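The values are calculated or read from the model by the stated rules, or taken from the named source; none is laboratory data. Note that the structure is predicted; figures quoted are calculated from it, not measured. Cβ: placed from backbone, ideal geometry, glycine included. Neighbour counts: every protein chain shown.
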């Protein structure tokens, strides 16, 4: 079993999709070992996405991620990283496969409903950003 980090983004939380997305996650065989609803400050969003600070979309991304609540999740499964990336679908929902979360729920490439770590190494960093060891069961 391995773990990865996921997030339900503001666009999905605002539209009341948290329960549907969590159900899809569990139906796909993940165990949710960490779950937290919170609102990121702009500064926290900038810290979380610091790897993108030189990219032209950084300001828009961090404003979006701090506009309302997110739901942070830690997922456990065999090959969790790859399995979560597959369930999310392509970043651009127009290119996402049928049956993926982004194909079904995303509004656009920017408001694509969910986040997933881009590597197993970053999953550990992102989990530690949002959760301490006592919050993971």
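Considering the stretch 122-137, and only residues there that are assigned to a loop (DSSP other than H, G, I, E, B) and touching a strand residue (DSSP E or B) at 6+ places or on another chain (Cβ under 9 Å), the residue that is surrounded by the fewest Cβ atoms within 10 Å (Cβ to Cβ) turns out to be 137.
The residues in the stretch 62-78 that are in contact (Cβ under 8 Å) with a residue 60 or more places away in the chain and over 19 Å from residue 128 (Cα atoms) can be counted, and the count is 1. Taking the stated definitions as given, is residue 16 without any contact (Cβ under 8 Å) to a residue 12 or more places away in the chain and either over 21 Å from residue 82 (Cα atoms) or assigned to a loop (DSSP other than H, G, I, E, B) (or both)? Considered against the rule, which asks whether it is without any contact (Cβ under 8 Å) to a residue 12 or more places away in the chain and either over 21 Å from residue 82 (Cα atoms) or assigned to a loop (DSSP other than H, G, I, E, B) (or both), residue 16 comes out as yes. For the stretch 93-121, give me each residue that is in contact with a helix residue (DSSP H, G or I) (Cβ under 8 Å, 6 or more places away or on another chain), farther than 15 Å from residue 65 by Cα and surrounded by fewer than 16 Cβ atoms within 10 Å (Cβ to Cβ). Within the stretch 93-121, 97, 119, 120 qualify. One residue stands out in the stretch 1-28 among those that are modelled with pLDDT of 95 or more and loosely packed, with under 13 Cβ neighbours inside 10 Å: the one that is farthest from residue 101 (Cα to Cα), namely 16. Restricted to the stretch 19-38, and to residues there that are in contact with a helix residue (DSSP H, G or I) (Cβ under 9 Å, 6 or more places away or on another chain) and assigned to a helix (DSSP H, G or I), the residue that is farthest from residue 123 (Cα to Cα) is 20.
Filter the stretch 39-61 down to residues that are under 14 Å from the mean Cα position of the chain (by Cα) and either in contact (Cβ under 8 Å) with a residue 60 or more places away in the chain or assigned to a helix (DSSP H, G or I) (or both) and give me whichever is nearest to residue 113 (Cα to Cα). Once the filter is applied, the top-ranked residue is 61. Reported count of residues in the stretch 104-121, each being more than 11 Å from the chain's Cα centre (by Cα) and closer than 22 Å to residue 60 by Cα, is 7.
Considering 48, 64, the condition of being surrounded by 20 or more Cβ atoms within 10 Å (Cβ to Cβ) and either touching a helix residue (DSSP H, G or I) at 6+ places or on another chain (Cβ under 7 Å) or at pLDDT 95 or above (or both) is satisfied by 48 alone.
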